[in-house]
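Colleague: Let me give you the structure first, and then I'll get to my questions.
The values are calculated or read from the model by the stated rules, or taken from the named source; none is laboratory data. Not measured: the values here are computed from a predicted model. Every residue, glycine as well, gets a Cβ built from its backbone with ideal geometry; the counts of neighbours run over all protein chains shown.
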Amino acid sequence: MAEEEDDDVRVRVLQSLRGKICEAKNLVSGPNRQRDLCTFCTISLDQEEVFRTKVFDKSLSPFYGEDFVFEIPRPFQYLSFYIYAKGSFQRDLPVGKISIRKEELCQYSGKEHWFSLQPVDPNSEVQGKVHLEMRLSELITDNGFVCQQLLVRIIECQGLPLISGQNCDPYATVSLVGPARSDHKKTKVKKKTSDPHFEETFAFEVTRFSSYSKKSNFQVEEEDIEKLEIKVDLWNNGNLAQDVFLGETRVSLKILRNDHIHKAWYLLQPKGNGHKHKPDEMGSLRLKVTYIEDTVLPSSCYKPLCDLLLESPDVKPISASAAHILGDICRERYEAVLPLARLLLHHNHLVPFVTAVAALELDNTQEANTIFRGNSLATRCIDDMMKIVGKSYLMVTLKSVLDEIFDSNKTCEIDPIKLKESDNVVVNKENLQNYVHKVFSSITQSSASCPPLMCDVFRSLRHMASKRFPADPHVQYSAVSSFVFLRFFAVAVLSPHTFQLRPHHPDPEISHTGQLGQLSSFKETFMYDFFKSFQEDKCIEKVKKFLDEISSNVNKESSGIEDALILKEGEVQKRAQGRKIIVKRNFKKRWLRVTNRELSYHKHRGKEALCVIDVKNIRAVEKLDESAFNRKNMFQVVNAEKPLYVQAGNCVEACEWMEVLSQVSRCNERRLANFHPSTYSGGAWQCCKGPSDRTPGCKPCTALTLANLQLDIDCDRETERIFSLLSSNDGKLQKMEDACAVIAVYQGPQREQDEYSKFTIQDPKETFQTLKQLRNVTENLRKQHSSRSDPTAQYGSLDNPIVGVRAAGGQAPWALSSLKVTPPPPPGRGPTGPP
């Protein structure tokens, strides 16, 4: 995230990624195909893993079917997907990978694509950039001759990869290469850093000696310029092991034709070994990826659009409101409703809006058994509302019972096709039935913990459904159960990691516990007898009682929230307290847990806490400089005692830990205004050299937005997303305007209106007025973006580094027809169909 200091002109750039790892086809591991291939897929930002799927058992065409969504807290160059073969007694072996440049992500956004896997070659696993300066100079020798030199200055690098999870020990080699020469130089090794500062200059002779009297004005010979280039290689010093290649860049000396000084940033590139694989030779992977980059302006810019959206619940008819129009024109995009739901929820306008759109949907529903079955604007708003406000409800209701189920490690597979010879289907069925009863009891006894907002929505749905179908006594229950069971609890049981109910994927042996979420399905015949046991009168009465309680008129206080609620937990590396020497053994693996009451760490998950910190005693949660311990992704929890130093597994996890800890402690009275971004050692703070461990911090603490912990909503960002949706659908807004005009003025044959039948227009005049207002406020926002947007970063700057030339097809660089340094060409399209 990037932002400016002044709130009046602050512009934030926020990145997020969501999508789905669908399936793979025709995988190959090594030189030969293996029938018993157990694989999993990972996601990496550059070379840093940030997501991993469960292991798929014994298939060359595994169906992963896993969704992912996370914020991206740092700049990156490549988004990569790796498939690994799970090793039983050895390390996991890479099968293949897909790497997509950040600039190319937009062409795949929101749609599924097949991608051919490429080999995982150590020489291609590169990331980072290097800052170079090249200068032509004259050197007069003692004999009166002129020696013409090329000075190459290696200034610094940024973003080099981790080696075995730690910062690397980088050095650079600088070579002047041509058809008849290859001169090499080497920098000093920089210890434990991914952002080394070299500041070393190397001199190379580039022309023959000539008489100074004959050549008073220096001019590089054209033939030398055409054939020479500088090659910079970055390496990790392996000490006793082999050095690891980190990347290279090549710069043709033609760049100095018109200017004898060239200074620029270059992206590091893989080695140009010319080895290429045929499409689908290693298999392929189907992905759905949506990358979003929000440029968020100051709050005042969004006020007109925000006010127009917040008026929606009061607009009559509701179909003429700005919020309903947004849902109408973005009907095919499921994620379009989320920013609207979050914005309305933050301003307490969601319940009246949902009530209005649900009433409109019910007016168009002809049969009670089809009530709220589709993905309409009403159902999508309620889905998103439950996922936002219901997280704590799921934790209180399901986490303990799911932990017990998954930790017991009992097999509950009853599908005849998937049963193994050693399986006992009777025992498995008993296990499954016992699990289901535990979940069923936990849910039906949880009404007191149901969030009041969900109760308000359910009460409204129940009342409207009964009014619409008065002759059906069951519709009042089905209107609520279709949401709370099918769209809420079932989804959480099937994908507990998505709701942070489980930190790890279940083992394949117990993954069929997912049948718990299918209590209302009869699609699998082997489950029919099992489901019949839950249709007994006593079960039906428990369900009705539960539905009555969560949709009653009694205002509920969420009593379950008073208990300790686990907000996040997982494995981290923790710095031992009080140690003065920085060595690897002072970092220990610990299980970190944050609740709404306390922060604790444990030797292992499920063990007694080794240390407990009351969240009321947390004074700051801030990043720790990489130089403090020569480790990335570290943060500190400053409390009344000593700071707690923690290293997360990756940048996404570090951001999530800091966000949760900051929000849970945001209202503490003794929060610090300033902090130290480094450690206190050797009698001084390493950041500011303050002599006392009580010296006040030297850097301002991160400003926090005071928001409800469970409803952490950035309204400006949500409004910016809505603006982006409206801008990208401006053509549909125009068509809707035309439809309003046709309906209001032209009363001809129905065929004239067929083109506009997908729009919901009850009052063309009122809808037309809202459309005009929407287009006006979006046009004003476009102007605001134009006036505040920074000009495109200069090519070769830190923010827009040059993609250096590398050899192709195994040819020598000087044999290529052109060595011009130019911006990268437009990306090619990926495969669009399965292999």
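Colleague: Which ones in the range 123-137 are in a strand (DSSP E or B), in contact with a Lys or Arg (Cβ under 9 Å, 6 or more places away or on another chain) and more than 18 Å from Asn800 (Cα to Cα)?
Modeller: Met134, Arg135
Colleague: What are the residues in the range 324-350 that are surrounded by fewer than 18 Cβ atoms within 10 Å (Cβ to Cβ) and either within 22 Å of Arg459 (Cα to Cα) or of a type in the set (S, T, N, Q) (or both), if any?
Modeller: His347, Asn348
Colleague: Of all residues being of a type in the set (Gly, Ala, Ser) and over 31 Å from the mean Cα position of the chain (by Cα) in the range 345-381, which is modelled with the lowest pLDDT? Just the residue, please.
Modeller: Selected residue: Ala368.
Colleague: Answer with yes or no whether Ala241 is exposed (fewer than 13 other Cβ atoms within 10 Å of the Cβ), more than 25 Å from Val803 (Cβ to Cβ) and modelled with pLDDT of 80 or more.
Modeller: It is true that Ala241 is exposed (fewer than 13 other Cβ atoms within 10 Å of the Cβ), more than 25 Å from Val803 (Cβ to Cβ) and modelled with pLDDT of 80 or more.
Colleague: All but one of (1) modelled with pLDDT under 90; (2) in the same structural domain as Val638 (by TED's automatic domain parsing) hold for Ser728, so report the exception by its number.
Modeller: Condition (2) is where Ser728 drops out.
Colleague: Can you find a residue in the range 440-460 that is in contact with a strand residue (DSSP E or B) (Cβ under 7 Å, 6 or more places away or on another chain) and either assigned to a helix (DSSP H, G or I) or touching a residue at least 24 places away in the same chain (Cβ under 8 Å) (or both)?
Modeller: No, every residue in the range 440-460 fails to be in contact with a strand residue (DSSP E or B) (Cβ under 7 Å, 6 or more places away or on another chain) and either assigned to a helix (DSSP H, G or I) or touching a residue at least 24 places away in the same chain (Cβ under 8 Å) (or both).
Colleague: Something else now. Restricting to the range 614-643, give me the number of residues that are surrounded by fewer than 21 Cβ atoms within 10 Å (Cβ to Cβ), in contact (Cβ under 8 Å) with a residue 60 or more places away in the chain and more than 24 Å from the chain's Cα centre (by Cα).
Modeller: 3
Colleague: Can you find, within the range 631-647, the residue that is modelled with the lowest pLDDT among those that are over 23 Å from Pro196 (Cβ atoms) and among the aliphatic types (A, V, I, L, M)?
Modeller: Ala640
Colleague: Exactly one condition in (1) at pLDDT 75 or above; (2) surrounded by 14 or more Cβ atoms within 10 Å (Cβ to Cβ); (3) in contact with a Leu (Cβ under 9 Å, 6 or more places away or on another chain) is false for Glu226; which is it?
Modeller: (1)
Colleague: Considering only the range 480-499, I want to know if a residue exists there that is in a helix (DSSP H, G or I) and more than 37 Å from the chain's Cα centre (by Cα).
Modeller: No, the range 480-499 contains no residue that is in a helix (DSSP H, G or I) and more than 37 Å from the chain's Cα centre (by Cα).
Colleague: Surrounded by 17 or more Cβ atoms within 10 Å (Cβ to Cβ) and of a type in the set (Ser, Thr, Tyr) - does that describe any residue in the range 126-149?
Modeller: Scanning the range 126-149 turns up no residue that is surrounded by 17 or more Cβ atoms within 10 Å (Cβ to Cβ) and of a type in the set (Ser, Thr, Tyr).
Colleague: I would also like to ask the following. Across the range 465-479, which residue is surrounded by the fewest Cβ atoms within 10 Å (Cβ to Cβ) among those that are hydrophobic (A, V, I, L, M, F, W, C) and part of a helix (DSSP H, G or I)?
Modeller: Among residues in the range 465-479 that are hydrophobic (A, V, I, L, M, F, W, C) and part of a helix (DSSP H, G or I), the one surrounded by the fewest Cβ atoms within 10 Å (Cβ to Cβ) is Val475.
Colleague: Counting only residues that are part of a loop (DSSP other than H, G, I, E, B), in contact (Cβ under 8 Å) with a residue 60 or more places away in the chain and either in contact with a Pro (Cβ under 8 Å, 6 or more places away or on another chain) or not acidic (Asp, Glu) (or both), how many does the range 399-437 have?
Modeller: Going through the range 399-437 one residue at a time, the tally reaches 7.
Colleague: Return only the number of the condition from (1) assigned to a helix (DSSP H, G or I); (2) free of Cβ contacts under 8 Å to residues at least 12 places away in the same chain that Asn348 does not satisfy.
Modeller: (1)
Colleague: Any residue at all in the range 657-666 that is modelled with pLDDT of 85 or more, within 22 Å of Leu567 (Cβ to Cβ) and charged (D, E, K, R)?
Modeller: Yes, some residue in the range 657-666 is modelled with pLDDT of 85 or more, within 22 Å of Leu567 (Cβ to Cβ) and charged (D, E, K, R).
Colleague: Can you name the residue in the range 452-497 that is small (Gly, Ala, Ser) and more than 14 Å from Ile382 (Cα to Cα) and is also modelled with the lowest pLDDT among such residues?
Modeller: My answer is Ser495.
Colleague: When you go through Ser692, Ser665, Ser678 one by one, which is the residue that is under 21 Å from Val612 (Cβ atoms) and either under 25 Å from the mean Cα position of the chain (by Cα) or among the polar types (S, T, N, Q) (or both)?
Modeller: Ser665
Colleague: Scan the range 318-337 for residues that are assigned to a helix (DSSP H, G or I) and without any contact (Cβ under 8 Å) to a residue 60 or more places away in the chain and jot them down.
Modeller: Once the filter is applied, which keeps residues that are assigned to a helix (DSSP H, G or I) and without any contact (Cβ under 8 Å) to a residue 60 or more places away in the chain, the range 318-337 yields Ile318, Ala323, Gly327, Tyr334, Val337.
Colleague: Consider the range 93-125. How many of its residues are at pLDDT 85 or above and either closer than 18 Å to Phe245 by Cβ or buried (at least 17 other Cβ atoms within 10 Å of the Cβ) (or both)?
Modeller: Residues flagged as at pLDDT 85 or above and either closer than 18 Å to Phe245 by Cβ or buried (at least 17 other Cβ atoms within 10 Å of the Cβ) (or both) within the range 93-125 amount to 19.
Colleague: Between a first residue in the range 472-483 that is of a type in the set (D, E, K, R) and a second residue that is surrounded by fewer than 19 Cβ atoms within 10 Å (Cβ to Cβ), which pairs have beta carbons less than 7 Å apart while being 6 or more apart in sequence or on different chains?
Modeller: Hits for this filter: Asp472/Ala368.
Colleague: I need a count of the residues in the range 136-177 that are touching a Ser or Thr at 6+ places or on another chain (Cβ under 9 Å) and not small (Gly, Ala, Ser).
Modeller: Total meeting the criteria: 23.
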